[in-house]
1. Here are D309, D300, D284: which of them is among the acidic types (D, E) and in a loop (DSSP other than H, G, I, E, B)?
2. Scan region 115-129 and report the pairs whose first residue is without any contact (Cβ under 8 Å) to a residue 60 or more places away in the chain and under 16 Å from Y34 (Cβ atoms) and whose second residue is of a type outside the set (G, A, S) and crowded, with 17+ Cβ neighbours inside 10 Å, with Cβ atoms within less than 8 Å and a gap of 6+ or a chain change.
3. For region 269-317, name all the residues that are among the aromatic types (F, W, Y) and more than 24 Å from K243 (Cβ to Cβ).
4. Those residues that are assigned to a loop (DSSP other than H, G, I, E, B), open to solvent by less than 40 Å² (accessible area, probe 1.4 Å) and more than 23 Å from R313 (Cβ to Cβ), I need them from region 242-265; list them, please.
5. Which of the residues that make up region 19-58 are farther than 18 Å from M1 by Cβ and hydroxyl-bearing (S, T, Y)?
6. Which ones in region 286-317 are of a type in the set (A, V, I, L, M, F, W, C), out of contact with any helix residue (DSSP H, G or I) (no Cβ under 6 Å at 6 or more places or on another chain) and either at pLDDT below 95 or closer than 17 Å to N138 by Cβ (or both)?
7. Being modelled with pLDDT under 90 and open to solvent by 70 Å² or more (accessible area, probe 1.4 Å) is the filter; apply it to region 199-222 and report the residue that is farthest from G185 (Cα to Cα).
8. Restricting the search to region 117-155, which residues are more than 15 Å from ligand 1 (Cβ to nearest atom) and closer than 25 Å to V97 by Cα?
Amino acid sequence: MITKDVDLIADSLKNGEIVGMPTETVYGLAASIYNETAIEHIFAKKNRPLTNPLIVHVSSMEDARQLVQEFPSKAELLASHFWPGPLTLILPKSNLVNDVVTANNKSVAIRVPNHKTTLNLLGKLKFPLAAPSANPYNRISPTSAEHVESYFPDINILDGGECQAGLESTILSFEENEVVLLRHGAIPIESIEDLIGSRVLNRTSGGAKVNAPGMNKKHYAPLCELILTYEPLFMLSAVKNKKIGILWFKKVQIDSPQVFVNKVLAPGGSFEEASKNMYAYLHDLEKQDLDLIIVERLPDHGLGKTLNDRLIRASYK
Ligand code: TXA
Ligand code: MG
(Lines give C-alpha, C1' and ligand atoms only; values in the text may rest on other atoms or scores of the structure.)
(Ligands and ions follow the chains in the order given, each with its own letter.)
Protein backbone atom coordinates (compact mmCIF):
# COMPACT_ATOMS: atom_id res chain seq x y z
CA MET A 1 0.00 0.00 0.00
CA ILE A 2 1.24 3.51 -0.86
CA THR A 3 0.67 6.10 1.87
CA LYS A 4 1.71 9.61 2.86
CA ASP A 5 1.04 8.80 6.53
CA VAL A 6 4.45 9.02 8.22
CA ASP A 7 3.06 7.79 11.58
CA LEU A 8 1.66 4.67 9.97
CA ILE A 9 5.05 3.89 8.43
CA ALA A 10 6.80 4.61 11.75
CA ASP A 11 4.42 2.12 13.43
CA SER A 12 5.12 -0.52 10.75
CA LEU A 13 8.85 -0.13 11.41
CA LYS A 14 8.38 -0.29 15.19
CA ASN A 15 6.45 -3.55 14.62
CA GLY A 16 9.45 -5.03 12.83
CA GLU A 17 8.06 -4.73 9.31
CA ILE A 18 10.05 -3.65 6.29
CA VAL A 19 8.77 -0.63 4.36
CA GLY A 20 9.43 1.31 1.19
CA MET A 21 10.87 4.75 1.92
CA PRO A 22 11.72 7.72 -0.26
CA THR A 23 15.12 9.41 -0.37
CA GLU A 24 16.46 12.07 -2.72
CA THR A 25 18.43 9.40 -4.63
CA VAL A 26 16.24 6.30 -5.06
CA TYR A 27 13.61 4.60 -2.87
CA GLY A 28 14.91 2.26 -0.18
CA LEU A 29 13.62 -0.95 1.40
CA ALA A 30 13.99 -0.07 5.07
CA ALA A 31 14.04 -1.72 8.50
CA SER A 32 15.43 -1.01 11.97
CA ILE A 33 19.15 -1.78 12.17
CA TYR A 34 18.44 -3.39 15.57
CA ASN A 35 15.92 -5.92 14.24
CA GLU A 36 17.96 -8.79 12.84
CA THR A 37 14.93 -10.70 11.55
CA ALA A 38 13.68 -7.68 9.63
CA ILE A 39 17.15 -7.10 8.16
CA GLU A 40 17.31 -10.73 7.00
CA HIS A 41 13.85 -10.23 5.53
CA ILE A 42 15.22 -7.33 3.41
CA PHE A 43 17.91 -9.58 1.93
CA ALA A 44 15.37 -12.32 1.19
CA LYS A 45 12.85 -9.93 -0.35
CA LYS A 46 15.47 -8.46 -2.69
CA ASN A 47 17.04 -11.83 -3.37
CA ARG A 48 20.30 -10.14 -2.39
CA PRO A 49 23.35 -12.16 -1.35
CA LEU A 50 23.94 -11.94 2.42
CA THR A 51 27.51 -10.89 1.62
CA ASN A 52 26.39 -7.53 0.21
CA PRO A 53 26.12 -4.99 3.08
CA LEU A 54 23.40 -2.37 3.56
CA ILE A 55 23.58 1.42 3.94
CA VAL A 56 22.45 2.83 7.29
CA HIS A 57 20.34 6.02 7.20
CA VAL A 58 20.43 8.47 10.11
CA SER A 59 18.99 11.95 10.59
CA SER A 60 22.11 13.77 11.74
CA MET A 61 25.86 13.76 12.10
CA GLU A 62 25.38 13.20 15.88
CA ASP A 63 23.43 9.99 15.21
CA ALA A 64 26.09 8.88 12.74
CA ARG A 65 28.81 9.30 15.38
CA GLN A 66 27.15 6.69 17.61
CA LEU A 67 27.54 4.07 14.90
CA VAL A 68 31.22 4.52 14.13
CA GLN A 69 34.50 4.32 16.03
CA GLU A 70 35.99 7.38 14.43
CA PHE A 71 35.45 10.06 11.83
CA PRO A 72 38.73 10.75 10.00
CA SER A 73 39.14 14.50 9.39
CA LYS A 74 38.43 14.19 5.66
CA ALA A 75 35.23 12.25 6.41
CA GLU A 76 34.23 14.97 8.82
CA LEU A 77 34.82 17.64 6.18
CA LEU A 78 32.86 15.72 3.54
CA ALA A 79 29.95 14.93 5.88
CA SER A 80 29.64 18.49 7.12
CA HIS A 81 29.61 19.76 3.54
CA PHE A 82 27.39 17.18 1.81
CA TRP A 83 25.00 15.91 4.53
CA PRO A 84 22.10 15.74 4.36
CA GLY A 85 22.76 14.51 0.85
CA PRO A 86 23.68 11.71 -1.54
CA LEU A 87 27.05 10.83 -0.01
CA THR A 88 27.66 7.50 1.74
CA LEU A 89 30.74 7.14 3.95
CA ILE A 90 32.27 3.78 4.85
CA LEU A 91 33.70 4.02 8.38
CA PRO A 92 34.83 1.57 11.11
CA LYS A 93 31.65 0.43 12.86
CA SER A 94 30.83 0.64 16.55
CA ASN A 95 29.30 -2.26 18.52
CA LEU A 96 25.82 -0.83 17.99
CA VAL A 97 25.80 -1.99 14.38
CA ASN A 98 24.70 -5.57 13.84
CA ASP A 99 26.94 -7.79 11.69
CA VAL A 100 24.00 -8.77 9.49
CA VAL A 101 23.68 -5.14 8.35
CA THR A 102 27.35 -4.93 7.39
CA ALA A 103 27.58 -8.51 6.07
CA ASN A 104 30.26 -9.18 8.70
CA ASN A 105 32.40 -6.26 7.57
CA LYS A 106 34.08 -4.26 10.32
CA SER A 107 32.96 -1.07 8.59
CA VAL A 108 29.52 0.46 8.16
CA ALA A 109 28.10 2.53 5.29
CA ILE A 110 26.24 5.62 6.56
CA ARG A 111 24.42 8.59 5.13
CA VAL A 112 21.95 11.33 6.07
CA PRO A 113 19.37 11.47 3.27
CA ASN A 114 18.24 14.86 2.00
CA HIS A 115 14.49 14.31 1.92
CA LYS A 116 12.03 16.12 4.19
CA THR A 117 9.64 13.19 4.58
CA THR A 118 12.43 10.71 5.32
CA LEU A 119 14.04 13.02 7.89
CA ASN A 120 10.60 13.45 9.47
CA LEU A 121 10.26 9.65 9.63
CA LEU A 122 13.74 9.17 11.12
CA GLY A 123 12.89 11.84 13.72
CA LYS A 124 9.96 9.73 14.93
CA LEU A 125 12.11 6.63 15.45
CA LYS A 126 14.60 5.61 18.11
CA PHE A 127 16.60 3.53 15.64
CA PRO A 128 18.48 4.15 12.37
CA LEU A 129 17.21 2.53 9.18
CA ALA A 130 19.14 0.09 7.06
CA ALA A 131 18.00 0.41 3.48
CA PRO A 132 19.25 -0.88 0.17
CA SER A 133 17.55 0.37 -2.97
CA ALA A 134 14.01 -1.04 -3.20
CA ASN A 135 14.48 -3.21 -6.28
CA PRO A 136 14.99 -6.94 -6.66
CA TYR A 137 18.67 -7.78 -7.02
CA ASN A 138 20.07 -6.44 -10.33
CA ARG A 139 16.82 -4.84 -11.53
CA ILE A 140 16.23 -1.12 -12.28
CA SER A 141 16.31 1.10 -9.17
CA PRO A 142 12.99 2.71 -8.13
CA THR A 143 12.54 6.49 -8.20
CA SER A 144 8.82 6.61 -7.29
CA ALA A 145 6.52 4.90 -4.79
CA GLU A 146 4.75 3.27 -7.77
CA HIS A 147 8.01 1.66 -8.95
CA VAL A 148 8.43 0.15 -5.47
CA GLU A 149 4.84 -1.07 -5.43
CA SER A 150 5.27 -2.78 -8.79
CA TYR A 151 8.20 -4.76 -7.34
CA PHE A 152 6.84 -5.32 -3.80
CA PRO A 153 3.03 -4.98 -3.76
CA ASP A 154 2.67 -6.42 -0.25
CA ILE A 155 4.61 -3.85 1.80
CA ASN A 156 3.73 -0.38 3.09
CA ILE A 157 5.42 2.35 1.06
CA LEU A 158 5.88 5.94 2.21
CA ASP A 159 5.12 8.25 -0.70
CA GLY A 160 7.67 11.05 -1.00
CA GLY A 161 7.07 11.82 -4.68
CA GLU A 162 9.64 11.38 -7.42
CA CYS A 163 13.27 11.25 -6.31
CA GLN A 164 14.96 14.54 -7.11
CA ALA A 165 18.48 13.22 -7.74
CA GLY A 166 17.40 9.94 -9.32
CA LEU A 167 20.79 8.23 -8.95
CA GLU A 168 22.21 6.38 -5.93
CA SER A 169 24.58 8.06 -3.50
CA THR A 170 28.30 8.39 -4.17
CA ILE A 171 30.20 5.95 -1.90
CA LEU A 172 33.58 6.81 -0.37
CA SER A 173 35.91 5.00 1.99
CA PHE A 174 39.10 6.17 3.71
CA GLU A 175 42.52 4.57 3.69
CA GLU A 176 45.18 6.25 5.77
CA ASN A 177 45.10 9.74 4.35
CA GLU A 178 43.43 8.84 1.06
CA VAL A 179 39.81 9.14 0.01
CA VAL A 180 38.67 6.16 -2.08
CA LEU A 181 35.76 6.19 -4.51
CA LEU A 182 33.83 2.90 -4.38
CA ARG A 183 30.74 3.86 -6.37
CA HIS A 184 30.02 6.77 -8.70
CA GLY A 185 26.84 8.49 -7.59
CA ALA A 186 24.70 11.59 -7.40
CA ILE A 187 27.60 13.75 -6.25
CA PRO A 188 30.10 14.01 -9.10
CA ILE A 189 33.65 13.11 -8.24
CA GLU A 190 34.86 16.55 -9.33
CA SER A 191 32.83 18.16 -6.49
CA ILE A 192 34.46 15.83 -3.97
CA GLU A 193 37.96 16.55 -5.25
CA ASP A 194 37.28 20.30 -5.21
CA LEU A 195 36.29 20.11 -1.55
CA ILE A 196 39.18 17.95 -0.30
CA GLY A 197 41.70 19.64 -2.56
CA SER A 198 43.19 16.39 -3.87
CA ARG A 199 42.39 13.47 -6.16
CA VAL A 200 40.44 10.46 -4.92
CA LEU A 201 41.54 6.88 -5.61
CA ASN A 202 39.11 5.31 -8.04
CA ARG A 203 38.17 1.73 -7.13
CA THR A 204 34.85 1.65 -8.93
CA SER A 205 35.86 -1.00 -11.40
CA GLY A 206 36.31 -3.46 -8.60
CA GLY A 207 38.74 -6.10 -7.62
CA ALA A 208 38.63 -9.57 -6.22
CA LYS A 209 35.88 -8.93 -3.66
CA VAL A 210 32.34 -9.29 -4.93
CA ASN A 211 30.71 -7.60 -1.97
CA ALA A 212 32.11 -4.16 -2.68
CA PRO A 213 29.63 -1.54 -3.86
CA GLY A 214 28.46 -1.24 -7.41
CA MET A 215 30.99 -3.82 -8.46
CA ASN A 216 28.58 -6.27 -9.94
CA LYS A 217 29.17 -6.12 -13.64
CA LYS A 218 25.48 -6.73 -14.30
CA HIS A 219 23.20 -4.41 -12.35
CA TYR A 220 20.40 -1.83 -12.70
CA ALA A 221 19.18 -3.76 -15.74
CA PRO A 222 15.90 -3.83 -17.63
CA LEU A 223 14.54 -7.24 -18.62
CA CYS A 224 15.29 -6.77 -22.33
CA GLU A 225 18.64 -6.23 -24.02
CA LEU A 226 20.21 -2.78 -23.64
CA ILE A 227 22.98 -1.32 -25.79
CA LEU A 228 24.89 1.82 -24.79
CA THR A 229 26.54 3.68 -27.67
CA TYR A 230 27.71 7.11 -28.81
CA GLU A 231 26.16 6.26 -32.21
CA PRO A 232 22.53 5.13 -31.84
CA LEU A 233 21.90 5.70 -35.56
CA PHE A 234 24.71 3.42 -36.57
CA MET A 235 23.49 0.79 -34.13
CA LEU A 236 19.97 1.08 -35.51
CA SER A 237 21.19 0.44 -39.03
CA ALA A 238 22.72 -2.83 -37.86
CA VAL A 239 19.56 -4.24 -36.24
CA LYS A 240 16.73 -5.94 -38.11
CA ASN A 241 13.29 -7.17 -37.03
CA LYS A 242 13.40 -5.96 -33.47
CA LYS A 243 10.99 -3.88 -31.43
CA ILE A 244 13.27 -1.01 -30.45
CA GLY A 245 13.18 1.90 -28.01
CA ILE A 246 15.81 4.65 -28.04
CA LEU A 247 16.80 6.77 -25.05
CA TRP A 248 18.47 9.95 -26.31
CA PHE A 249 20.46 12.41 -24.22
CA LYS A 250 19.28 15.86 -25.41
CA LYS A 251 17.16 15.32 -28.53
CA VAL A 252 15.74 12.74 -30.91
CA GLN A 253 18.10 12.41 -33.85
CA ILE A 254 15.90 10.26 -36.04
CA ASP A 255 12.21 9.47 -36.04
CA SER A 256 12.32 6.24 -37.99
CA PRO A 257 9.41 3.79 -38.37
CA GLN A 258 11.93 1.19 -37.22
CA VAL A 259 11.82 2.76 -33.74
CA PHE A 260 8.78 1.89 -31.61
CA VAL A 261 9.45 4.58 -28.98
CA ASN A 262 11.84 7.51 -28.58
CA LYS A 263 12.50 9.19 -25.24
CA VAL A 264 14.74 12.14 -24.40
CA LEU A 265 16.52 12.10 -21.03
CA ALA A 266 17.21 15.83 -20.83
CA PRO A 267 15.37 18.13 -23.24
CA GLY A 268 16.89 21.04 -21.25
CA GLY A 269 20.34 19.53 -21.77
CA SER A 270 21.57 19.16 -18.19
CA PHE A 271 23.04 16.07 -16.55
CA GLU A 272 20.81 16.73 -13.50
CA GLU A 273 17.69 16.41 -15.63
CA ALA A 274 19.04 13.26 -17.29
CA SER A 275 19.82 11.78 -13.85
CA LYS A 276 16.37 12.49 -12.50
CA ASN A 277 14.76 10.81 -15.51
CA MET A 278 17.03 7.88 -16.28
CA TYR A 279 15.62 5.10 -14.08
CA ALA A 280 12.04 6.34 -14.55
CA TYR A 281 12.43 6.19 -18.34
CA LEU A 282 14.03 2.76 -18.19
CA HIS A 283 11.01 1.59 -16.14
CA ASP A 284 8.69 3.04 -18.84
CA LEU A 285 10.62 1.35 -21.62
CA GLU A 286 10.78 -1.96 -19.76
CA LYS A 287 6.97 -2.03 -19.67
CA GLN A 288 6.66 -1.74 -23.45
CA ASP A 289 7.70 -5.27 -24.28
CA LEU A 290 10.69 -4.19 -26.39
CA ASP A 291 13.37 -6.49 -27.77
CA LEU A 292 16.06 -3.86 -27.48
CA ILE A 293 16.72 -0.51 -25.80
CA ILE A 294 19.45 1.61 -27.40
CA VAL A 295 20.81 4.35 -25.13
CA GLU A 296 22.91 7.28 -26.29
CA ARG A 297 26.09 7.33 -24.22
CA LEU A 298 26.66 10.52 -22.24
CA PRO A 299 29.75 12.72 -22.18
CA ASP A 300 32.08 11.12 -19.63
CA HIS A 301 32.41 13.82 -16.96
CA GLY A 302 30.42 15.03 -13.94
CA LEU A 303 27.16 13.13 -13.52
CA GLY A 304 27.63 11.85 -17.08
CA LYS A 305 30.19 9.47 -15.57
CA THR A 306 27.66 8.13 -13.05
CA LEU A 307 25.00 7.76 -15.73
CA ASN A 308 27.41 5.90 -18.01
CA ASP A 309 28.49 3.68 -15.10
CA ARG A 310 24.88 2.62 -14.46
CA LEU A 311 24.16 2.15 -18.17
CA ILE A 312 27.30 0.07 -18.74
CA ARG A 313 26.19 -2.26 -15.94
CA ALA A 314 22.63 -2.31 -17.30
CA SER A 315 23.99 -3.36 -20.70
CA TYR A 316 26.28 -6.10 -19.41
CA LYS A 317 25.38 -9.54 -20.81
O1 TXA B 1 21.41 6.30 -2.63
C2 TXA B 1 21.62 5.23 -2.05
O3 TXA B 1 22.73 4.93 -1.63
C4 TXA B 1 20.42 4.29 -1.87
C5 TXA B 1 19.41 4.95 -0.94
C6 TXA B 1 18.24 4.06 -0.60
O7 TXA B 1 20.05 5.42 0.21
N8 TXA B 1 20.84 3.02 -1.37
C9 TXA B 1 21.55 2.14 -2.12
O10 TXA B 1 21.77 0.93 -1.46
O11 TXA B 1 21.93 2.35 -3.23
P12 TXA B 1 22.27 -0.39 -2.22
O13 TXA B 1 22.17 -1.46 -1.20
O14 TXA B 1 21.50 -0.60 -3.46
O15 TXA B 1 23.77 -0.12 -2.48
C16 TXA B 1 24.65 0.02 -1.39
C17 TXA B 1 26.04 -0.32 -1.75
C18 TXA B 1 26.20 -1.80 -2.01
O19 TXA B 1 26.81 -1.99 -3.26
C20 TXA B 1 27.09 -2.29 -0.89
O21 TXA B 1 28.01 -3.24 -1.33
C22 TXA B 1 27.80 -1.02 -0.42
O23 TXA B 1 26.86 0.00 -0.62
N24 TXA B 1 28.16 -1.10 1.00
C25 TXA B 1 27.34 -1.09 2.05
N26 TXA B 1 28.03 -1.23 3.20
C27 TXA B 1 29.33 -1.35 2.87
C28 TXA B 1 30.53 -1.55 3.61
N29 TXA B 1 30.53 -1.66 4.94
N30 TXA B 1 31.70 -1.64 2.93
C31 TXA B 1 31.71 -1.52 1.58
N32 TXA B 1 30.59 -1.34 0.83
C33 TXA B 1 29.43 -1.26 1.45
MG1 MG C 1 20.95 -0.95 -5.38
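The values are calculated or read from the model by the stated rules, or taken from the named source; none is laboratory data. Because the structure is a prediction, the values reported are computed rather than measured. Cβ sites come from the backbone with ideal geometry, for glycine too, and all protein chains shown count toward neighbours. When the accessible area is computed, the model is the full protein with side chains, heavy atoms only, and any ligands, DNA or RNA have been set aside. Shrake-Rupley method; radii C 1.70, N 1.55, O 1.52, S 1.80 Å.
1. On the way: D309 fails: in a loop (DSSP other than H, G, I, E, B); D284 fails: in a loop (DSSP other than H, G, I, E, B).
Answer to the check: D300.
2. From residues that are without any contact (Cβ under 8 Å) to a residue 60 or more places away in the chain and under 16 Å from Y34 (Cβ atoms), there are no pairs.
3. Keep residues of region 269-317 that are among the aromatic types (F, W, Y), which gives 271, 279, 281, 316.
Across region 269-317, the qualifying residue is only F271.
4. Taking region 242-265 first, the residues assigned to a loop (DSSP other than H, G, I, E, B) are 242-243, 249-258, 265.
Restricting the remaining residues to those that are open to solvent by less than 40 Å² (accessible area, probe 1.4 Å) gives 249, 256, 265.
Result: S256, single match.
5. Result: T23, T25, S32, Y34, T37, T51.
6. The answer is L311, I312, A314.
7. Here the answer is A208.
8. Let us first name the residues in region 117-155 that are more than 15 Å from ligand 1 (Cβ to nearest atom), namely 120, 123-127, 146, 149-150, 153-154.
Listed by number, the residues that qualify are N120, G123, K124, L125, K126, F127.
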